[in-house]
Amino acid sequence: MAFYSIKGKTEGVFKIQNTNGKDSYSVWDNNNKRFLRDGNMTDSEGNEHNVQDTKFIKRDDFIKLFPHMNKNNKVRWEVIVDGEVLTWEAPRSVDQGLSGCIANVIAMGQNPQLVEYKWSKTGQGLQTRYTVVLAGGESTPADAPNIIGEEEIIIPSEKIEISETEKQVVNAIKQQGQSFGFEQLKDTFLKYDISEERAKKIYEQELK
């Protein structure tokens, strides 16, 4: 499996092999400088945990149990770069932007697998931001038609309190600077184990 590396790059152009990314979770071991994707890991109290099961441990609890490790949530895409099919362990913000572009390409009656996309990166460390747009100067997702189906009609409800994870999802969407319909964002919420019903409420309250 050949991976697409963006190390040292600030932008790139690619096509997609398929139209859906897959969640890819691992844990970065700061002591041994390596990623853990399977097997068990021992917490600070001496208890063992399956690596994949730690995905569901709350962030604050994870930090206490594994002070020398970090969660690494990515989305795996099969992309085509210079004619070569590569696996890209993409940041979630890339997945968000790419999913939005794909939805709008489909809305415009085009095949998303024939279109080129361009990613770019600004900032460093915690200030790093990724964006994805259509390559070649075509219309960006914000310029695409906004097609709304009956399933996207959301009944207003009382204000709800959102969790830290939900706030992170909302902020990541807002950072794209683009307008998305609920159906375009639904899968993103589901990836974080947020039910569709609750996702609709969050969308209505925070993003519409």
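The rows are residues; the columns are (1) outside the structural domain of Asp193 (by TED's automatic domain parsing); (2) modelled with pLDDT under 90; (3) closer than 22 Å to Thr122 by Cα.
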site	(1), (2), (3)
Met1	yes, yes, no
Asn18	yes, no, no
Asp43	yes, no, no
Asn47	yes, no, no
Lys55	yes, yes, no
Leu65	yes, no, no
Glu84	yes, no, no
Val94	yes, no, yes
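Of all residues in segment 4-16, those that are closer than 26 Å to Val105 by Cβ and either modelled with pLDDT under 90 or part of a loop (DSSP other than H, G, I, E, B) (or both) total 5.
The number of residues in segment 40-70 that are in contact with a Ser or Thr (Cβ under 8 Å, 6 or more places away or on another chain), among the hydrophobic types (A, V, I, L, M, F, W, C) and not in a loop (DSSP other than H, G, I, E, B) comes to 4. Being of a type outside the set (Asp, Glu), within 19 Å of the chain's Cα centre (by Cα) and more than 25 Å from Ile102 (Cβ to Cβ): is that true of Lys58 here? Considered against the rule, which asks whether it is of a type outside the set (Asp, Glu), within 19 Å of the chain's Cα centre (by Cα) and more than 25 Å from Ile102 (Cβ to Cβ), Lys58 comes out as yes.
Quick grid of which residues meet (1) under 21 Å from the mean Cα position of the chain (by Cα); (2) assigned to a helix (DSSP H, G or I); (3) at pLDDT 90 or above; (4) over 16 Å from Ala135 (Cα atoms):
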{"residue": "Asn32", "(1), (2), (3), (4)": "no, no, no, yes"}
{"residue": "Phe35", "(1), (2), (3), (4)": "yes, no, no, yes"}
{"residue": "Asn72", "(1), (2), (3), (4)": "yes, no, no, yes"}
{"residue": "Val75", "(1), (2), (3), (4)": "yes, no, yes, yes"}
{"residue": "Leu98", "(1), (2), (3), (4)": "yes, yes, yes, no"}
{"residue": "Cys101", "(1), (2), (3), (4)": "yes, yes, yes, no"}
{"residue": "Asn104", "(1), (2), (3), (4)": "yes, yes, no, no"}
{"residue": "Pro112", "(1), (2), (3), (4)": "yes, no, yes, no"}
{"residue": "Trp119", "(1), (2), (3), (4)": "yes, no, yes, no"}
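Thr140 meets the conditions (1) touching a strand residue (DSSP E or B) at 6+ places or on another chain (Cβ under 9 Å); (2) modelled with pLDDT of 70 or more; (3) surrounded by 15 or more Cβ atoms within 10 Å (Cβ to Cβ) in every case but one. The failed one is (2). Identify, from the list Leu86, Leu114, the residue that is surrounded by fewer than 15 Cβ atoms within 10 Å (Cβ to Cβ) and either out of contact with any strand residue (DSSP E or B) (no Cβ under 8 Å at 6 or more places or on another chain) or in contact (Cβ under 8 Å) with a residue 40 or more places away in the chain (or both). Going through Leu86, Leu114 in turn, just one is surrounded by fewer than 15 Cβ atoms within 10 Å (Cβ to Cβ) and either out of contact with any strand residue (DSSP E or B) (no Cβ under 8 Å at 6 or more places or on another chain) or in contact (Cβ under 8 Å) with a residue 40 or more places away in the chain (or both): Leu114. Taken over segment 1-42, the criterion of being surrounded by fewer than 10 Cβ atoms within 10 Å (Cβ to Cβ) and basic (Lys, Arg) is satisfied by Lys7, Lys33. If you go through segment 183-205 one residue at a time, do you hit one that is at pLDDT below 80, closer than 25 Å to Thr128 by Cα, hydrophobic (A, V, I, L, M, F, W, C) and surrounded by 14 or more Cβ atoms within 10 Å (Cβ to Cβ)? For segment 183-205, residues at pLDDT below 80, closer than 25 Å to Thr128 by Cα, hydrophobic (A, V, I, L, M, F, W, C) and surrounded by 14 or more Cβ atoms within 10 Å (Cβ to Cβ): absent.
The values are calculated or read from the model by the stated rules, or taken from the named source; none is laboratory data. Note that the structure is a prediction, hence the values are computed from the model and not measured. Positions of Cβ are backbone-derived with ideal geometry, glycine not excepted, and every protein chain shown enters the neighbour counts.
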